[in-house]
1. Could I have the simple spin-label model distance between B:ALA158 and B:ARG202, label points 7 Å from Cα toward Cβ, reported in nm to one decimal?
2. Quick one: which of A:91-102, B:143-154, B:15-26 comes out on top by average Cβ neighbours within 10 Å, and what's the full order, highest first?
3. How many nm separate the modelled label positions at B:ALA191 and B:ARG34, each set 7 Å beyond the Cα in the direction of the Cβ?
4. Given the alpha-carbon gyration tensor of the stretch A:1-59, what are the semi-axes of its equivalent ellipsoid in whole angstrom, ordered largest first, with each equal to the square root of 5 times an eigenvalue?
5. Using a loss threshold of 50 Å², tell me which positions in the stretch B:20-38 are less accessible in the complex than in their chain alone. Probe radius 1.4 Å, ligands and nucleic acids ignored.
6. Using alpha-carbon pairs under 8 Å, 6+ residues apart, how would you state the relative contact order of chain A in percent?
7. So for the pair B:SER68, A:GLN62, with labels modelled 7 Å out along Cα→Cβ, what separation do we get in nm?
8. Could you look at the stretch B:1-62 and say what percent of its accessible area is carbon and sulfur, using a 1.4 Å probe and all protein chains?
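The values are calculated or read from the model by the stated rules, or taken from the named source; none is laboratory data. This structure is a prediction, so every number in the text was calculated from the model and none was measured. Don't worry about glycine lacking a Cβ; one is built from the backbone with ideal geometry, like all the others, and counts go over all protein chains shown. Side chains are part of the model used for accessible areas, which takes the heavy atoms of the whole protein and leaves out ligands, DNA and RNA. Shrake-Rupley method; radii C 1.70, N 1.55, O 1.52, S 1.80 Å.
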Amino acid sequence: MADRLLTDFELMVLLAILRVRGDAYGVPITHEIEETGHRPVKLAAVYLALDRLCQNGLASWQLGDPTPERGGRAKKLFSVTPAGVRAVRRTQQSFMALWKGIPELKGAS
Amino acid sequence: MRTLPFLATRIFERLGPGDDALFGDLLEEYGRGRSRAWYWSQVLASVVLSASRRTTADPLRALAVLASGWLGVIALFFALGNFATLAILRNGFGWTPPLSGGGGLEVWWPLHASGAAVSCLGFALAALALVRVDGGRWASMLAPFLLSLLPAQAGIHAAQWYLAVRSDTLFYVAPVGLPFERVWAPVVTIAIALAVGLLGARARSTIDRCTSST
């Protein structure tokens, strides 16, 4: 995987996994993005991003236990790999570098 | 547990990404009180995103799948379509050739009915073939494929009228274009093809693409 920067949605998904921590499967990841990002998110879009992140070695998953409320289907519990953490840091640094020195963005949040 | 919307669930199972974990998430959220509209929107998004993912991951293969559907339609309509339409008209309605310029026939209802029937059959068979390609992995391309047929039908209908005015070639493309004579007909033919595709597609289990860390 080349050292490319993450897209905004990939970054949000990785940060959501890191925030949710132990029980990071589709539903809480989606809720986390919706609550912190103030935008509606489709579960399929989250899975699509997770799929891409897994393929690029930035996230990984393991199967959880099946539960009755899920119709006996197991959860996919996601975690961020060390390469994923490095990608988040690299993207953050790039954004911060772009952020600096812009008068319009100083002060008000 | 609340009863799931039947049609949406069948669509997800047959045209969706084939991911059990995603389906489990949908069940969990729906069971917590999400609306039917929410469920439908999630299912439709899954189908669209699944088609989009497959297309971007392997554009040549996606193009080949669409092309095979198109080839099926072309083969059916051009090789068998005229023959079938004419056979229906001859045997069912006592029509006898020759046909000259399509004069008068454009308002003869059996012509439209037989053209629509052949269109339905052709689209349905093409849809069936497409959802079975590669063990059903490309079934999510069914909707884009059927939608791509609508402008094609309209174009062929326009070409058909141009040819009918210029020469005696009305029947060359009649079964494809004729349903467009009635506003509802293309929608009905596409809907029937969609239904046949849904019935013909296999429900798929999880197709895992990531590597588990376990």
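1. 4.1 nm
2. Details: A:91-102: 10.8, B:143-154: 16.4, B:15-26: 24.9.
Per-residue Cβ counts within 10 Å, averaged per peptide and sorted highest first, yield B:15-26, B:143-154, A:91-102.
3. Placing both labels 7 Å beyond Cα along the Cβ direction yields 2.7 nm.
4. In descending order the semi-axes read 18, 12, 11 Å.
5. B:ALA21, B:LEU22, B:ASP25, B:GLU28
6. 29 percent
7. In this crude spin-label approximation the distance works out to 3.9 nm.
8. On the way: 1700 of 2740 Å².
Carbon plus sulfur share of accessible area: 62 percent.
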